[in-house]
Amino acid sequence: MHSGRARVNVTRCEFSVLIAAESFARVAWAGYVFSATSFVEQPDSAIQMIIHLYEYGPIFVRIVILLILWAWKLEKIYPQIMNDLAEREARGEL
């Protein structure tokens, strides 16, 4: 049975590219100057943004992970899921 939701399959490579693009956008927003041919002195705002990303980025990620784990209710509904699957298997639906 189809749940009606569209599935989006994103590979690890595509996800990595998205994360890298987002990171580049953040440092560019802070004034970081990209150069493939020579060294460029970065403005203080770009350097401070990079420092803050390394200082506060992991804290932000951990808070988001804790919020997701707090909202995760699989342990509470797991027995019901297993009972439903056993009933469907007994009826021959699986």
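The values are calculated or read from the model by the stated rules, or taken from the named source; none is laboratory data. Keep in mind it's a predicted model, so treat the numbers as computed, not measured. Don't worry about glycine lacking a Cβ; one is built from the backbone with ideal geometry, like all the others, and counts go over all protein chains shown.
Select the helices (runs of 4 or more DSSP H) contained entirely in the chain, then report the ones holding at least 1 residues which are at pLDDT 90 or above, surrounded by 11 or more Cβ atoms within 10 Å (Cβ to Cβ) and of a type in the set (D, E, K, R).
74-91
Are any of the residues in the stretch 59-76 touching a helix residue (DSSP H, G or I) at 6+ places or on another chain (Cβ under 8 Å) and among the β-branched types (Val, Ile, Thr)?
So far as the stretch 59-76 goes, no, none of its residues is touching a helix residue (DSSP H, G or I) at 6+ places or on another chain (Cβ under 8 Å) and among the β-branched types (Val, Ile, Thr).
Six or more apart or on different chains, Cβ atoms under 8 Å: show the pairs whose first residue is in the stretch 50-61 and within 13 Å of Ser23 (Cβ to Cβ) and whose second is in a helix (DSSP H, G or I).
Every condition considered, the pairs that remain are Ile50/Val27; Leu53/Ser23; Leu53/Arg26; Leu53/Val27.
Contact list please: Cβ distance under 9 Å, first residue in the stretch 65-86 and of a type outside the set (Lys, Arg), second residue surrounded by 10 or more Cβ atoms within 10 Å (Cβ to Cβ), pairs at least six apart or on different chains.
Close Cβ pairs satisfying both conditions: Leu74/Ile81.
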